[in-house]
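Just below is one structure, and these are the notes that go with it.
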Amino acid sequence: MYVCCCLAVTERTIAEAIAAGAPDVDAVTRCTGAGSKCGSCKNHIASMIGAPAPGAGAEPAPARGRLPM
């Protein structure tokens, strides 16, 4: 199954990069190219690694134009 449709990178290729020591999404991207185009596959890559998805846990930006009540 393709994980990255933009570059036709398969689950097997991602798994091989992880097994070879890619510790995070950025490392998998450098090794395979997956996630370097549209980025929609980064969450799937993160789940394969067992890492938090990119941007997970980030504080949301405060709303503009509204004051807290």
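The values are calculated or read from the model by the stated rules, or taken from the named source; none is laboratory data. This is a predicted model, so every value here is computed, not measured. Ideal geometry is used to build each Cβ from the backbone, glycine not excepted, and the neighbour counts take in all protein chains shown. Note: areas computed on protein heavy atoms with side chains; ligands, DNA, RNA excluded. Shrake-Rupley method; radii C 1.70, N 1.55, O 1.52, S 1.80 Å.
Within region 14-35, the set of residues being open to solvent by 30 Å² or more (accessible area, probe 1.4 Å) and closer than 13 Å to Ile49 by Cα comprises Ala15, Glu16, Ile18, Ala19, Ala20, Gly21, Pro23, Asp24, Asp26. Remark: pairs (first residue in region 19-43, assigned to a loop (DSSP other than H, G, I, E, B); second residue open to solvent by 60 Å² or more (accessible area, probe 1.4 Å); Cβ separation under 6 Å; 6+ apart in sequence or on different chains) = Ala22/Cys31; Gly33/Leu7; Lys37/Cys6; Cys38/Cys6.
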